[in-house]
Amino acid sequence: MFRLLSLIITALALSVGGASAHDEEPTKESCDAAVAEARALAASLPADDVSRYFAERDIQQALVEAGNGEFDDCVEKAEQAVFEVRERPHSLKPGERLNILRADEIPSR
């Protein structure tokens with residue numbers, strides 16, 4: 001009985017310690033590390049890959065969030081970029097291309 005009680009107490013202590021480590025606010029350093037990982041993964045895809053395009057947009061938004069001091073949003077956007085590269089949810093059919101307009105272009109109707 002005492003052994004079972006000590007195991008339960010140990011498990012609770014470990015779960016409380018583990019929970020507090022996950023509840024910490026992201027820092028600039030954790031944001032920088034997440035962005036660096038996402039950049040490295042995105043760079044591994046071909047330059048014309050649509051998933052790389054979307055990953056680079058997420059990385060850019062992560063940097064904007066970091067500039068605003070929102071390191072939790074920065075890490076979240078960097079994680080979205082990593083997901084984009086690893087899972088590649090966007091794809092184009094053969095012969096299809098992504099029409100990306102420059103800032104000074106107007107979409108045709």
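The values are calculated or read from the model by the stated rules, or taken from the named source; none is laboratory data. Everything numeric here is computed off the predicted structure, so don't read it as measured data. Here Cβ is always computed from backbone atoms with ideal geometry, including for glycine, and neighbour counts include all displayed protein chains. We work out accessible area using only protein heavy atoms, side chains counted, and drop any ligands, DNA or RNA first. Shrake-Rupley method; radii C 1.70, N 1.55, O 1.52, S 1.80 Å.
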What is the number of the single condition among (1) crowded, with 18+ Cβ neighbours inside 10 Å; (2) outside any helix (DSSP H, G or I); (3) not charged (D, E, K, R) that Ile59 does not meet?
-> (2)
List the pairs whose first member sits in region 31-47 and is closer than 22 Å to Glu70 by Cβ and in a helix (DSSP H, G or I), whose second member is open to solvent by less than 20 Å² (accessible area, probe 1.4 Å) and of a type in the set (Gly, Ala, Ser), and whose Cβ atoms are under 6 Å apart, counting only residues at least 6 apart or on separate chains?
-> Ala34/Ala78; Val35/Ala62; Val35/Ala78; Ala38/Ala78; Ala38/Ala81; Ala42/Ala55
